[in-house]
């Protein structure tokens, strides 16, 4: 029989973190390197945390000494999101075997909190990723779609040998396994794929399978939508948003809707193309723009990401749109249950979790704060006594949020 343990706050919190950290398939593939900077003090909901972006160098040619300025780029994250599990338990139940404690309490707490945090991470990443491949509503069945996502990230400045993580759900994984069954793949990989019925690391990506990837509905956009007014630009490039004036739209747009901008005569030719961040050369691929706010009916202005910046330090496109440039929406109007996988580099986004302020000891039996060394997730545990019911109340809370680092290093896989 398993030896009994007393569920002290430290034991309770650490057992919960053991399961919680491993369930964050999306959040753990965001940059957590900055989190230790904020683990030295407690924060309240809404506090600002300034996250410094990793440096990115342009490089040069020749033997001459030409140092590049180390300009710190900082993105501000307001830690506003709280996931929680609260319950009460009789004091008799405080002494359990390790297996019982994990089965009855700590694992269910971790599953509940992990699902909420991971789902929010997936939505944030999907809404902020600068690129998109695939057809909304149709899970990709070939390697081509997934490889195209990697092509785009390299075109936008990612070194070719950097590790990328592909995050898909069961439906996307199954469609890929079924669609590639006739291909000549490495024997070991294809056997593993079929034995397990899931995607394996056969595309040069680390593959994670998670059911909390983002699911969304397109806006009710119809009509011949065009840019209304030439030379609409803004500073900041991929780091910024801008307001775009349009015309011809009947219906609504929802946050996360995507579109490209063609020429005034063709939706697929010319228009606004992305550029490589170092060479400033056009990729020949139209830049994808993402709507940042739900619109009212028949909007004439919309907020989009990224900003259209055709010159300067943060240049991200080869030209500004001409007047009456054709806007092409990604996906069918009003389409529901669009599932969005992700191909991400860890420097695309930041996951910031900080210790939450705990109440003073008076009136509290005990309190504990623990931080997962791998994901940086901090979890606060408070236990206090209810004299009326002679029961102990327990609350687990985690304070966190997400920030943009290099959004061009993430691509949505539409499904």
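Taken together, the values in this text are just the output of simple stated rules run on the coordinates, not laboratory data. A quick note: this is a predicted structure, and the numbers were derived from the prediction, not measured. Using ideal geometry, Cβ is built from the backbone for each residue, glycine included, and neighbour counts are taken over all protein chains shown.
Structural remarks
- Nearest-0.05 FRET efficiency for residue 293 and residue 247, computed from C-beta distance (R0 22 Å): 0.75
- Theoretical gain in end-to-end length, residue 10 to residue 42 [0.36 nm per residue, Cα-Cα removed]: 9.8 nm
- As a proxy for reagent exposure, ranking 401, 48 by other Cβ atoms within 10 Å from fewest up yields 48, 401.
- At R0 = 56 Å, FRET efficiency that the Cβ-Cβ distance of residue 100 and residue 265 yields, to 0.05: 0.20
- Here the peptides 246-258, 113-125 are ranked by packing, the mean other Cβ count within 10 Å, and the order with the highest first is 113-125, 246-258.
- The slack between residue 224 and residue 240, meaning 0.36 nm per residue of separation minus the straight C-alpha distance, is 3.1 nm.
- From most to least packed by mean Cβ count within 10 Å, the peptides 294-304, 159-169 give 159-169, 294-304.
- Put a dot 7 Å past the Cα of residue 384, heading toward its Cβ, do the same for residue 333, and the two dots end up 5.4 nm apart.
- Subtracting the Cα-Cα distance of residue 285 and residue 87 from their residue separation scaled by 0.36 nm leaves 66.0 nm.
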